[in-house]
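Student: The following block contains the structure, expressed as structure tokens.
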Amino acid sequence: MIHNPAIECMSREDMRKLQSERLVKTVKTCYDNVPFYRRKMDELGVKPEDIKSIDDIHMLPFTTKHDLRDEYPFGLQAAPMSEVRRIHASSGTTGKPVVDTYTDNDLDNWAEGVARVLAVADTGKGDIVQVSYGYGLFTGGLGAHDGAAKLGAVQLPTSAGNSEKQIMLMQDFGSSILCCTPSYALHLAEVIEASDKVHLQNLKLRAGFFGAEPWTEGMRRELETKLHIKAYDIYGLTEMSGPGVGGECEYQDGTHLWEDMFYPEIINPDTLEPCAPGEFGELVFTSLCKEAMPILRYRTRDLTRLIYEPCKCGRTAVRMDRILGRSDDMLIVRGVNVFPSQIETVLTEFPVFTPQYFITVDRKNNEDSFDLDVELRSEYFSPNPSKQMPYIKPLYDRIVSLVGIKPNIHIKEPGAITRSIGKAKHVEDKRKFK
């Protein structure tokens, strides 16, 4: 189901006209009400009247996560607090959190974006949407909650954690849609598999919308097989409201971005120049409808490309290819660029391994080390190292071939690698402490 055909299937010409109108208004709002943007634009010699259409967006300054933290908490807010209805923030585990504020219209537009994604699975009245993202300052829980409400579906706000109870409610209440991180969905699948009280045939789940962390096609296959669902990617970021900036359609061939609200660009992360159409680079967003905290040209650090060819689903909204990784998550080990998602991709090629892994990078004797913890599935596991070697060698060779790094692989017993109820942590780089 297409939730809003007038927008999602709009012609490219009409879309650019709408984007231009909204950009002109957004730039004026930023210049008039946000000292940070007024200063940045003045430094570039750019005035609001210079921005006449979406084609002029390259004249505007970039915004980074450092800028948002430097302006913490409300330095980028364009609306008075009397018009703000909600505040969200990132976890702030690496410093000050990134803050986003919302007017009534911002909340409605956010719910609209999520609703467009959930509608792909014909979500609507009678459906029970189990929201197992965390509720609170994190945008996942309330974002999915409001999107489900906009479609008239029943919201089951289980939040994250207490997996056994989650599954009991999933079975007893008849949840049909699941929203959570892919890593937590996989954990729920493992708990179901190990339980003698819950059987997949008794569950009514038919679709899952998973986001907040990168995941691979191999992880999708794992989730669809273990939970008997169709697994969709939902994309978002706190700086642009939260989940619902885009999502996959039924063909799962790229993530449609709601470019009437969030204008996407792809730039070269080194030169900051626009990339050629279809070329991989860093994803940049400009919010086109936000009232409380509009953002110009936000550098997401996500590495991907945009696909403008028509989609078989009928939507004309541009599609984002799978995210290769983040430019700030990339590890450089012995001169080799390594993205954690590459390791997950390799693991899912080997049915004997679970998709769980943990990377530890260190520096020993002035040389980088790369240790990889992986789990064999229970039917293949043996504590005897000699019986592990037949599984380690093919995995080692594949990683060397694809990634170009020689890992020290350690096999752990099933369940030994810590599962996460939120965003999964897969890497510890100890070199920064040396």
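The values are calculated or read from the model by the stated rules, or taken from the named source; none is laboratory data. Please read all numbers here as calculations on a predicted model, not as lab measurements. A quick note on method: Cβ atoms are made from the backbone with ideal geometry, for glycine too, and the neighbour counts reach across all protein chains shown. Side chains are part of the model used for accessible areas, which takes the heavy atoms of the whole protein and leaves out ligands, DNA and RNA. Shrake-Rupley method; radii C 1.70, N 1.55, O 1.52, S 1.80 Å.
Student: Give me a count of the residues in region 135-146 that are closer than 14 Å to residue 236 by Cβ and assigned to a loop (DSSP other than H, G, I, E, B).
Tutor: Residues meeting the conditions: 1.
Student: Please enumerate the residues belonging to region 361-382 that are in contact (Cβ under 8 Å) with a residue 12 or more places away in the chain and more than 28 Å from residue 184 (Cβ to Cβ). It would help to see each step written out before you state the result.
Tutor: Of all residues in region 361-382, those in contact (Cβ under 8 Å) with a residue 12 or more places away in the chain come to 361-363, 367-378, 380-381.
Passing the criteria: 362, 363, 367, 368, 369.
Student: Quick check, is residue 193 acidic (Asp, Glu) and open to solvent by 20 Å² or more (accessible area, probe 1.4 Å)?
Tutor: yes
Student: Sort out which residues of region 260-302 are under 17 Å from the mean Cα position of the chain (by Cα), of a type in the set (A, V, I, L, M) and over 30 Å from residue 105 (Cα atoms), and write them in order of number.
Tutor: Residues satisfying the conditions do not exist here.
Student: For region 56-80, give me each residue that is in a helix (DSSP H, G or I), farther than 17 Å from residue 286 by Cβ and either touching a strand residue (DSSP E or B) at 6+ places or on another chain (Cβ under 8 Å) or free of Cβ contacts under 8 Å to residues at least 12 places away in the same chain (or both).
Tutor: Scanning region 56-80 gives 66, 70.
Student: If you take the residues in region 237-262 that are of a type in the set (Ser, Thr, Tyr) and surrounded by 24 or more Cβ atoms within 10 Å (Cβ to Cβ), which one is nearest to residue 285 (Cα to Cα)?
Tutor: First, the residues of region 237-262 that are of a type in the set (Ser, Thr, Tyr): 238, 241, 251, 255.
Among the residues that remain, those that are also surrounded by 24 or more Cβ atoms within 10 Å (Cβ to Cβ) are: 241, 255.
Details: 241: 12, 255: 15 Å.
Only one residue fits best here, namely 241.
Student: If you don't mind, there's one more thing I want to ask. Considering region 349-360 alone, what residues qualify as being closer than 15 Å to residue 186 by Cβ and open to solvent by less than 30 Å² (accessible area, probe 1.4 Å)?
Tutor: Residues satisfying the conditions are 353, 354, 355, 356, 357.
Student: If you don't mind, there's one more thing I want to ask. If you check every pair at least six apart or on different chains, which have Cβ atoms under 7 Å apart with a residue in region 250-265 that is within 12 Å of residue 316 (Cβ to Cβ) first and a residue that is modelled with pLDDT of 95 or more and basic (Lys, Arg) second?
Tutor: Correct list of pairs: 256/315; 256/319; 258/116.
Student: If you don't mind, there's one more thing I want to ask. So which residues in region 268-293 are open to solvent by less than 20 Å² (accessible area, probe 1.4 Å), without any contact (Cβ under 8 Å) to a residue 60 or more places away in the chain and under 19 Å from residue 16 (Cα atoms)?
Tutor: 283, 285
Student: Against the condition touching a residue at least 60 places away in the same chain (Cβ under 8 Å), open to solvent by less than 50 Å² (accessible area, probe 1.4 Å) and under 30 Å from residue 76 (Cα atoms), how does residue 234 come out, does it pass? Let's see the steps before the verdict.
Tutor: Numbers: touching a residue at least 60 places away in the same chain (Cβ under 8 Å): yes; open to solvent by less than 50 Å² (accessible area, probe 1.4 Å): yes; under 30 Å from residue 76 (Cα atoms): yes.
When the stated conditions are applied, residue 234 passes them.
Student: Where the second residue is of a type in the set (S, T, N, Q) and assigned to a loop (DSSP other than H, G, I, E, B) and the first is closer than 21 Å to residue 353 by Cα and open to solvent by less than 80 Å² (accessible area, probe 1.4 Å) and lies in region 413-433, which pairs have Cβ atoms under 8 Å and are six or more apart or on separate chains?
Tutor: Pairs that qualify, where the first residue is closer than 21 Å to residue 353 by Cα and open to solvent by less than 80 Å² (accessible area, probe 1.4 Å) and the partner is of a type in the set (S, T, N, Q) and assigned to a loop (DSSP other than H, G, I, E, B), are 414/378; 420/181; 424/181.
Student: Next up: Got at least one residue in region 22-45 being modelled with pLDDT under 95 and out of contact with any Lys or Arg (no Cβ under 6 Å at 6 or more places or on another chain)?
Tutor: Of region 22-45, the ones modelled with pLDDT under 95 are none.
Looking for residues that are modelled with pLDDT under 95 and out of contact with any Lys or Arg (no Cβ under 6 Å at 6 or more places or on another chain), one finds none in region 22-45, hence no.
Student: Would you confirm whether any residue within region 328-341 is in contact with a helix residue (DSSP H, G or I) (Cβ under 8 Å, 6 or more places away or on another chain), farther than 17 Å from residue 120 by Cβ and modelled with pLDDT under 95? Before the answer, list the steps.
Tutor: Restricting attention to region 328-341, the residues satisfying the condition of being in contact with a helix residue (DSSP H, G or I) (Cβ under 8 Å, 6 or more places away or on another chain) are 329, 331.
Now drop any that are not farther than 17 Å from residue 120 by Cβ, which leaves 329, 331.
Now restrict to residues that are modelled with pLDDT under 95: 329, 331.
For region 328-341, residues in contact with a helix residue (DSSP H, G or I) (Cβ under 8 Å, 6 or more places away or on another chain), farther than 17 Å from residue 120 by Cβ and modelled with pLDDT under 95: present.
Student: Go through (1) outside any strand (DSSP E or B); (2) more than 25 Å from the chain's Cα centre (by Cα); (3) at pLDDT 90 or above and name the single condition residue 411 misses.
Tutor: Answer for residue 411: the failing condition is (1).
Student: Can you pull out the residues in region 6-32 that are free of Cβ contacts under 8 Å to residues at least 60 places away in the same chain and within 30 Å of the chain's Cα centre (by Cα)?
Tutor: 6, 13, 14, 16, 17, 20, 21, 24, 25, 28, 31
Student: In addition: I need a count of the residues in region 196-217 that are in contact (Cβ under 8 Å) with a residue 40 or more places away in the chain and crowded, with 16+ Cβ neighbours inside 10 Å.
Tutor: Within region 196-217, residues that are in contact (Cβ under 8 Å) with a residue 40 or more places away in the chain and crowded, with 16+ Cβ neighbours inside 10 Å number 9.
Student: If you scan region 381-408, which residues turn out to be assigned to a helix (DSSP H, G or I), under 15 Å from residue 338 (Cβ atoms), at pLDDT 90 or above and open to solvent by 30 Å² or more (accessible area, probe 1.4 Å)?
Tutor: Correct list: 396, 398, 400, 401.
Student: Let me ask something else about it. Taking the options 377, 326, 363, 334, name whichever one is open to solvent by less than 70 Å² (accessible area, probe 1.4 Å) and either among the aliphatic types (A, V, I, L, M) or over 21 Å from the mean Cα position of the chain (by Cα) (or both).
Tutor: Working: 326 fails: either among the aliphatic types (A, V, I, L, M) or over 21 Å from the mean Cα position of the chain (by Cα) (or both); 363 fails: open to solvent by less than 70 Å² (accessible area, probe 1.4 Å); 334 fails: open to solvent by less than 70 Å² (accessible area, probe 1.4 Å).
Residue meeting the stated conditions: 377.
Student: Within region 96-126, how many residues are in contact with a strand residue (DSSP E or B) (Cβ under 6 Å, 6 or more places away or on another chain), in a loop (DSSP other than H, G, I, E, B) and surrounded by fewer than 24 Cβ atoms within 10 Å (Cβ to Cβ)?
Tutor: Final tally of qualifying residues: 1.
Student: Then there is this: Checking residue 146 against (1) more than 26 Å from residue 250 (Cα to Cα); (2) open to solvent by 30 Å² or more (accessible area, probe 1.4 Å); (3) not hydrophobic (A, V, I, L, M, F, W, C): exactly one of these is not met. Which one?
Tutor: The single condition residue 146 does not satisfy is (1).
Student: Further, regarding this structure: Identify, from the list 175, 183, the residue that is of a type in the set (Ser, Thr, Tyr), within 30 Å of residue 99 (Cβ to Cβ) and either more than 16 Å from the chain's Cα centre (by Cα) or in a helix (DSSP H, G or I) (or both). Even if it seems obvious, please write down each step before you answer.
Tutor: Details: 175 fails: within 30 Å of residue 99 (Cβ to Cβ).
From the options 175, 183, the qualifying one is 183.
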